[in-house]
Amino acid sequence: MYTLSTEYWFDSAHFLTDYNGKCENLHGHQWRVAAYVRADKLATSGTEKDMVVDFATLKRIVREECDALDHTFLVEEGSLAPSTLEALKSEGFSLTMLPFRTTSENLAHYLFDRLSARGLPVCRVDCNETPNNRASYEPDVE
């Protein structure tokens, strides 16, 4: 089994809906994302011969997904009043509306799905919200 990984990061703001603690307030993180791809065998021909995937491709796709979230306000759909959303938009804030509570766990799962949809043989995504706090998502393989 071969495994490759790359890391990238993004800065964003969020808050945790219905949380009883400091994180219910708007705050930010420099999220560090590590993506792992895996294959049983290496490619046998073409430009990716003897590779799982070209590191250049892996890095580009991970960077693009992180850049889409960089310097945005990650907002759980339905967590803010429509008038608040309109006020933020009218002030020019970049909002990323997400259909889940914006926890590290959910962001790891979201990024896993985004990378998989782009054709990467992703097996795991880590999402650190601080240097010491990390959530990982990897699907059960049976």
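The values are calculated or read from the model by the stated rules, or taken from the named source; none is laboratory data. None of the values given here were measured: they were computed from a predicted structure. Here the Cβ positions follow ideal geometry from the backbone for every residue, glycine too, while neighbour counts run over all protein chains shown. What goes into the accessible areas is simple: the full protein's heavy atoms, side chains included, and nothing from ligands, DNA or RNA. Shrake-Rupley method; radii C 1.70, N 1.55, O 1.52, S 1.80 Å.
Some points to look at:
- For peptides 103-112, 20-29, sequence by mean Cβ density within 10 Å, most packed first: 103-112, 20-29
- Computed over the chain, relative contact order equals 28 percent, with contacts defined as Cα pairs under 8 Å that lie 6+ residues apart.
- Evaluated over region 6-94, the count of Lys pairs having alpha-carbon atoms less than 27 Å apart is 4 (only pairs 8 or more residues apart or interchain).
- Residues within the reach of a label modelled at Glu138 (point 7 angstrom out along Cα to beta-carbon, backbone nitrogen below 18 Å), restricted to region 1-29, are 1-8.
- Spatial separation of Cα centroids for region 30-101 and region 123-142, in angstrom: 14 Å
- Per residue accessible area of the chain, 1.4 Å probe, in Å²: 60 Å²
- Pairwise FRET efficiency - Lys49 versus Trp9, Cβ, R0 = 30 Å, nearest 0.05: 0.45
- Surface share of carbon and sulfur [accessible, 1.4 angstrom probe, percent] for the chain: 47 percent
- Placed amide H near Met51: partners under 5 Å, 5+ positions off or other chain: Ala43
- Cβ-defined net charge surrounding Ala34, 10 Å radius [Lys, Arg +1; Asp, Glu -1]: +1
- With contacts taken as Cα pairs under 8 Å and at least 6 residues apart, region 63-142 reaches a relative contact order of 25 percent.
- The Cβ shell under 14 Å around Phe15 holds other residues with a net charge of -3, Lys and Arg each +1, Asp and Glu each -1.
- Stretching the chain fully between Asp18 and Thr84 yields a gain of 22.1 nm (0.36 nm per residue, less the alpha carbon separation).
- With a cut-off of 14 Å between beta carbons, the residues surrounding Arg134 carry a summed charge of -3, where Lys and Arg count +1 and Asp and Glu -1.
- Sites Tyr2 and Phe100 - FRET efficiency at Förster radius 30 Å, r taken between beta-carbons, to 0.05: 0.45
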